[in-house]
Amino acid sequence: MTAAVDGATGRVNQKARTRKAIVDACRELTRSGAELTMPDVARAAMVSEATAYRYFPDLVTLLQEALAGLWPPAAEALAPVAGSADPAERVGFACAYLMRGVHAYQGSVRAMISHTIAAPARAQAARPGIRFDLLDYALAPFEDPAGPAFLPPAAMARLKRELAVVVSAEALFVLTDLCGLPVDEAVAAAVPAAQTLTRAAFAAPAAG
């Protein structure tokens, strides 16, 4: 009986180690910025591709687990502008932060975008809402009528939707892949666009 219990425990532990090895390999590939596919992860984890798929039905499911905790909370990411009362400055910093992070982790980001474009019903649940967390934090002081500036709820919601187009991985890849810009120039192009949208919204809040 003891041998049977020990054997079962050993199998459970081995499965846990294998799963951790797959997640760790995916996370390390993500940090490298390299192209990321399930075969790449399996090789890095030193398991077969079939084994990787036994633990994770698809790459998106694996990426969801591997990316958890990889990006810092928005308050930590935007700490350098935490004291700013300028919405455009805060949004510009958030834009630059997101785009540089996307560039650093671009292999996993591209893989996630590719898979969720093919299955759009999964996109909202599967893709981490990093841009939305950053924008929410950047604009939070201006949702309070007693704050340094105030944007009415409807105008704020519209601004966040508009910024979601510019403060995004997709925008970065348009600028780098299609426009041929180096990442620094891509960021330098995107930040003023995000700031212009922000200033326009705060210049005419009644339009909201």
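Quick check: is even one residue across the stretch 67-81 under 21 Å from Glu170 (Cα atoms), in contact with a Phe, Trp or Tyr (Cβ under 7 Å, 6 or more places away or on another chain), in a helix (DSSP H, G or I) and modelled with pLDDT of 95 or more? Checking the stretch 67-81: at least one residue is under 21 Å from Glu170 (Cα atoms), in contact with a Phe, Trp or Tyr (Cβ under 7 Å, 6 or more places away or on another chain), in a helix (DSSP H, G or I) and modelled with pLDDT of 95 or more.
For the stretch 28-62, the set of residues classified as under 23 Å from the mean Cα position of the chain (by Cα), polar (S, T, N, Q) and in a loop (DSSP other than H, G, I, E, B) consists of Thr37 only.
Being in contact with a His (Cβ under 9 Å, 6 or more places away or on another chain) and at pLDDT 95 or above holds for only one residue in Thr176, Thr196, and it is Thr176. Using the structure shown, decide if Leu181 is under 29 Å from Leu59 (Cβ atoms) and not in a helix (DSSP H, G or I). So Leu181 fits the description; yes.
Mind checking whether some residue in the stretch 113-131 is outside any helix (DSSP H, G or I), touching a Leu at 6+ places or on another chain (Cβ under 7 Å) and surrounded by 15 or more Cβ atoms within 10 Å (Cβ to Cβ)? Scanning the stretch 113-131 turns up at least one residue that is outside any helix (DSSP H, G or I), touching a Leu at 6+ places or on another chain (Cβ under 7 Å) and surrounded by 15 or more Cβ atoms within 10 Å (Cβ to Cβ).
Look at (1) open to solvent by less than 50 Å² (accessible area, probe 1.4 Å); (2) touching a residue at least 60 places away in the same chain (Cβ under 8 Å); (3) over 15 Å from Leu98 (Cβ atoms) and you find that Ala85 fails only one, number (1).
The values are calculated or read from the model by the stated rules, or taken from the named source; none is laboratory data. Keep in mind the model is a prediction, meaning the values are calculated, not measured. Neighbour counts are summed over all protein chains in view; Cβ atoms, including those assigned to glycine, are modelled from backbone coordinates with ideal geometry. Side chains included, ligands, DNA and RNA excluded: accessible areas come from the protein's heavy atoms. Shrake-Rupley method; radii C 1.70, N 1.55, O 1.52, S 1.80 Å.
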